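So the structure is just underneath, and the comments pick up after that.
The values are calculated or read from the model by the stated rules, or taken from the named source; none is laboratory data. Here the structure is a predicted model, which is why all the values come from computation and not from measurement. Ideal geometry is used to build each Cβ from the backbone, glycine not excepted, and the neighbour counts take in all protein chains shown.
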Amino acid sequence: MTLPVVAVVGPTGSGKSDLGVALAQRLGGEVVNADALQFYRGMDIGTAKLTPAERQGVEHHLLDVLDVTEEASVAAYQDDARRIIDGIHDRGRVPILVGGSGLYVRAALDRLEFPPTDPSVRERLEAELAEGGAAAFRERLRAVDPASAARIGDDRRLVRALEVHEISGRPFSAFMPRREYHRPTVQMGLAVDRDLLRDRLAQRVQVMVRDGLAEEVRSLADSGLREGRTASRALGYAQFLQVLDGSVTEAAAVEDTIAATRRFAKRQLTWFRGDPRVAWLDWQADGLVDQAVGLARRSGDLS
């Protein structure tokens, strides 16, 4: 029997990490991180990364694998996550995928193929676009990929679609993802009370500041945080870099971080609500862990 992947998804602040640990303990599993910002070494407070003690002896994978100067790659993550999931299965254990970065979750779970890229081809196409204009480019794309030509509205994606066709010989639209699992999966989401979550996120940011977020950002700035294309834009980190630069006050950075975190949680809910395969559990239900374990066992044929 092939053990399923158990995935725990939902918005930031909903309790995914704690549930992931509890499921791993009950099901004999190991956690695979699917939060793109928890890849980064040193980004601990601002990403609410579980401490080693909070992991309660459960093995966690794909935490602290990148320096802040490195750029996260969904395609690279897919390779790493699937290799790790295979290894967990080979040990007779259950992979517990935990995170709220929607595209990374799909990369790990779904039949999702990433189109090829070639910087030299892209650079040439960008020059041709600048010379010939978007209308001519759209006609070129319509000749080889009418579905993409009808859907794409901006110049950058026009270039990308023609780049993919030139490299692969396949239309860009052929690489669109399908909601089809790569291997057996049980996907559960934490359903939240939005008003309560808004309050919790505000409190969470305040606790992060109290616990030393500013000092963490200052230390990471010395390690190149500003040069990191992904890490430097992270919630809280971008705002507190501005504090270091003297362009905003700490109070303003806190308020901006709270507002941005709330917007991010709303986008996460929209993303995961759009997937009909997610089974939703009340984040504050009595016996939440028992419910989640029961769902995993019923859906995944786990003993």
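Computed quantities for the displayed model
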{"item": "Members of the range 35-60 that are of a type in the set (S, T, N, Q) and more than 16 Å from the chain's Cα centre (by Cα)", "result": "Thr51, Gln56"}
{"item": "In the range 106-121, the residues that are crowded, with 18+ Cβ neighbours inside 10 Å and in a helix (DSSP H, G or I)", "result": "Arg106, Ala107, Ala108, Leu109"}
{"item": "Residue that is part of a helix (DSSP H, G or I), modelled with pLDDT of 90 or more, farther than 28 Å from Trp271 by Cβ and not assigned by TED's automatic domain parsing to the domain that holds Ala72, where the choices are Ala150, Ala127, Ala161", "result": "Ala127"}
{"item": "In the range 26-43, the residues that are surrounded by fewer than 20 Cβ atoms within 10 Å (Cβ to Cβ) and either in a loop (DSSP other than H, G, I, E, B) or free of Cβ contacts under 8 Å to residues at least 60 places away in the same chain (or both)", "result": "Gly28, Arg41, Gly42"}
{"item": "Any chance Asp256 is in contact with a helix residue (DSSP H, G or I) (Cβ under 8 Å, 6 or more places away or on another chain), acidic (Asp, Glu), surrounded by 13 or more Cβ atoms within 10 Å (Cβ to Cβ) and at pLDDT below 95", "result": "no"}
{"item": "Matching residues, the range 71-101, being over 22 Å from Gly10 (Cβ atoms) and touching a Ser or Thr at 6+ places or on another chain (Cβ under 8 Å)", "result": "Glu71, His89"}
{"item": "Count of the range 90-105 residues which are assigned to a helix (DSSP H, G or I) and surrounded by fewer than 20 Cβ atoms within 10 Å (Cβ to Cβ)", "result": "3"}
{"item": "The range 49-89, subset of a type in the set (Ser, Thr, Tyr) and in contact (Cβ under 8 Å) with a residue 12 or more places away in the chain, residue surrounded by the fewest Cβ atoms within 10 Å (Cβ to Cβ)", "result": "Thr69"}
{"item": "Count - residues of the range 214-251 that are touching a helix residue (DSSP H, G or I) at 6+ places or on another chain (Cβ under 9 Å), assigned to a loop (DSSP other than H, G, I, E, B), under 22 Å from Thr69 (Cα atoms) and hydroxyl-bearing (Ser, Thr, Tyr)", "result": "1"}
{"item": "Candidates Val207, Val254, filtered to the one that is out of contact with any Cys (no Cβ under 9 Å at 6 or more places or on another chain), part of a helix (DSSP H, G or I), without any contact (Cβ under 8 Å) to a residue 24 or more places away in the chain and β-branched (Val, Ile, Thr)", "result": "Val207"}
{"item": "Out of Thr230, Thr249, sole residue that is hydroxyl-bearing (Ser, Thr, Tyr), assigned by TED's automatic domain parsing to the domain that holds Glu70 and either under 21 Å from the mean Cα position of the chain (by Cα) or crowded, with 16+ Cβ neighbours inside 10 Å (or both)", "result": "Thr230"}
{"item": "Residue list for the range 77-119, filter: small (Gly, Ala, Ser) and closer than 22 Å to Arg297 by Cα", "result": "Gly87, Gly92, Gly99, Ala108"}
{"item": "Check on Val6, outside any helix (DSSP H, G or I) and farther than 23 Å from Leu201 by Cβ", "result": "yes"}
